[in-house]
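Q: This is the structure I have questions about; it appears just below.
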Ligand SMILES: [Zn+2]
């Protein structure tokens, strides 16, 4: 690389990090002016109400779009806001958020115009990332009939973004972390949201228990009580009732038919 090109690259890099450092100093000064106890209070610990599982896309900042500040939201982000059961990062965040921090609401936040979802919808190879995108392609396979009925490509991608969020909420509900929390006193509520980059508005997909997990207990050994309004749910079955129910379902397929239908 020529010297001038090297110098130009160095200048750009230096300016970038200098901007970040200057912004930080300004932010600290503004916060201290607004509330002199702000940092002292945060340093004592955190008890966020929310866990945010969102996309890494730079246009979907967790705090900005939800109007939350430091200490209010525990955050996990990855490409296309996925809940993958072999992802130790996600599972560690989820366990800590639920079992230690005691978050009350878990938000899976997708967004229209998601590059990860668009890449998964294209029948192409991209390299290593295909191993991540395959999880979104599974959502396509599960909902192929509905998606093929949508002729407009943009509308089909928007629906895929929504279906992906619904499936990731369902994946959350399948984890033993959430299942165990549902047996506790204050289980977290699960929410599926979609953010529209074009107008900044968040839409609640109203993912209730019927779209999340109901009807799947005979396969996943999961609770069949409401997840979204979990605070008002009836008491869970005793361990004895539960085990006899699920074992019965496994050994007697006719009991499976008695489960509520999946939406
Ligand atoms: Zn995205």
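Q: For segment 131-193, what is the convex hull volume of its Cα atoms per residue in Å³?
A: Numbers: hull volume 5.9 nm³, N = 63.
In segment 131-193, the Cα hull volume divided by residue count equals 94 Å³.
Q: What does segment 120-159 give for Rg and for Dmax, in Å, if only its C-alpha atoms count?
A: Spelled out, the Cα radius of gyration and Dmax of segment 120-159 are 10.8, 31 Å.
Q: Which whole-angstrom value gives the distance between the alpha carbon centres of segment 38-54 and segment 96-128?
A: Rounded to whole Å, the Cα centres lie 22 Å apart.
Q: Listing 38, 52 from the residue with the fewest other Cβ atoms within 10 Å to the one with the most, what is the order?
A: Lowest count first: 38, 52.
Q: A follow-up question, please. For segment 34-147, rounded, prolate or oblate, judged on the Cα gyration tensor with a ≥ b ≥ c (square roots of eigenvalues), a/c < 1.5 rounded, else prolate if a/b > b/c?
A: prolate
Q: A further question follows. Express in nm, to one decimal, how much length is gained between residue 26 and residue 142 on full extension, taking 0.36 nm for each residue of separation and deducting their alpha carbon distance. Spell out each step's value before the answer.
A: Details: separation 116, 0.36 × 116 = 41.76 nm, distance 4.89 nm.
Contour length minus the Cα-Cα distance gives 36.9 nm.
Q: Determine, for 77, 41, the number of other Cβ atoms within 10 Å of each Cβ, and report the residues in order from fewest to most.
A: Working: 77 17, 41 11.
The order, fewest Cβ neighbours first, is 41, 77.
Q: To continue, here is another question. What is the calculated FRET efficiency for residue 46 to residue 196, with r their C-beta to C-beta distance and R₀ = 35 Å, to the nearest 0.05? Can you show the working numbers first?
A: Details: r = 30 Å, r/R0 = 0.84.
So the FRET efficiency works out to roughly 0.75.
Q: Ranked by Cβ crowding within 10 angstrom, fewest neighbours first, how are 72, 162, 34, 146 ordered? Walk me through the numbers before you get to the answer.
A: Numbers: 72 16, 162 19, 34 8, 146 12.
Neighbour counts put them in this order, fewest first: 34, 146, 72, 162.
Q: Just check segment 11-88 against the gyration tensor rule for me: Cα atoms, a ≥ b ≥ c as the square roots of the eigenvalues, rounded for a/c under 1.5, and otherwise prolate or oblate depending on whether a/b exceeds b/c.
A: Cα axes put segment 11-88 in the oblate bin.
Q: Stretched out fully, how many nm does the piece from residue 18 to residue 159 gain, at 0.36 nm a residue minus the Cα gap? If you can, show how the numbers build up before the last one.
A: Details: separation 141, 0.36 × 141 = 50.76 nm, distance 4.13 nm.
Working it through step by step, the gained length comes to 46.6 nm.
Any read-out appearing in this document is the output of simple, stated calculations on the displayed coordinates, not a laboratory observation. Just so it is clear, the structure is predicted and the values come from calculations on it, not from any experiment. With ideal geometry, Cβ positions are generated from the backbone for all residues, glycine too; neighbour counts draw on all protein chains shown.
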